[in-house]
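Below is one structure, written out as structure tokens; the observations come after it.
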Amino acid sequence: MKKLTIPLLATLTVLALTSGAALAGSEDVVVENAWARASIGVSRPGAAYMTIRNTGDEGVTLTGISTPIAMMPEIHETTTNAEGVSSMAPAGEITIAPGEAAELAPGGLHAMLMRLQEPMAKGDSFPLTLSFSDGGDVTVEVPILGIAARGPDG
């Protein structure tokens, strides 16, 4: 997998690896525990997960995501109805209240990575940019774990 060699991305990667968190578009947003599962080739979408924490005094709104690994990345939400049938749909914008967090985890909100440009292989990583309504962006490096991973620790 190709690695970006942008100095800012390298700095964010070091922060993520050494502290477990990376600062987002402002010092009020912290992205923690980003991870993804390996994909089954490129014919099926991938997904990424993380916690986006707002440590500020005002709400922040996540408006979109982008990554070079997928042509159609979107935040999706999985829901289950009363009969136990699950469905998935785009979540739209996500507002995170002051002192709260948005949990992107299997079975709920997640970064859906459609139209993969290459397989997501265990041991690789990829950049994922989160865009916020204030115009700020943050890029985090997402490690790719095994296909059966259940969380950021594998």
(message) Here's a check for you: in region 144-153, which residue that is surrounded by 14 or more Cβ atoms within 10 Å (Cβ to Cβ) and over 24 Å from Val29 (Cα atoms) is modelled with the lowest pLDDT?
(response) Ala149
(request) Inspect all residues belonging to region 88-98 and state whether any of them is over 13 Å from the mean Cα position of the chain (by Cα), free of Cβ contacts under 8 Å to residues at least 12 places away in the same chain, more than 16 Å from Gly41 (Cα to Cα) and surrounded by fewer than 17 Cβ atoms within 10 Å (Cβ to Cβ). (result) no
(message) Filter region 106-138 down to the residues that are under 16 Å from Ala34 (Cα atoms) and of a type in the set (Lys, Arg) and list them by number.
(response) Lys122
(message) Need pairs with beta-carbon distance below 7 Å; first residue within 12 Å of Tyr49 (Cβ to Cβ) and within region 140-154, second of a type in the set (Lys, Arg) and at pLDDT 95 or above; sequence gap 6+ or separate chains.
(response) Ile144/Lys122; Leu145/Arg37; Leu145/Lys122; Ala149/Arg37
(message) Would you confirm, using the coordinates I've provided, whether Glu141 is charged (D, E, K, R), surrounded by 16 or more Cβ atoms within 10 Å (Cβ to Cβ) and in a strand (DSSP E or B)?
(response) yes
(message) Here's a check for you: in region 55-87, which residue that is without any contact (Cβ under 8 Å) to a residue 24 or more places away in the chain and either loosely packed, with under 10 Cβ neighbours inside 10 Å or of a type in the set (Asp, Glu) (or both) is farthest from Asp137 (Cα to Cα)?
(response) Glu83
(request) Could you please find all residues in region 108-138 being surrounded by fewer than 17 Cβ atoms within 10 Å (Cβ to Cβ), assigned to a strand (DSSP E or B) and hydrophobic (A, V, I, L, M, F, W, C)? (result) Met114
(message) Can you confirm whether Ser39 is touching a Gly at 6+ places or on another chain (Cβ under 9 Å) and either closer than 22 Å to Asp124 by Cβ or surrounded by fewer than 17 Cβ atoms within 10 Å (Cβ to Cβ) (or both)?
(response) yes
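The values are calculated or read from the model by the stated rules, or taken from the named source; none is laboratory data. In this text, all values refer to a predicted model and were calculated from it rather than measured experimentally. Note: ideal-geometry Cβ built from the backbone for every residue, glycine included; neighbour counts use all protein chains shown.
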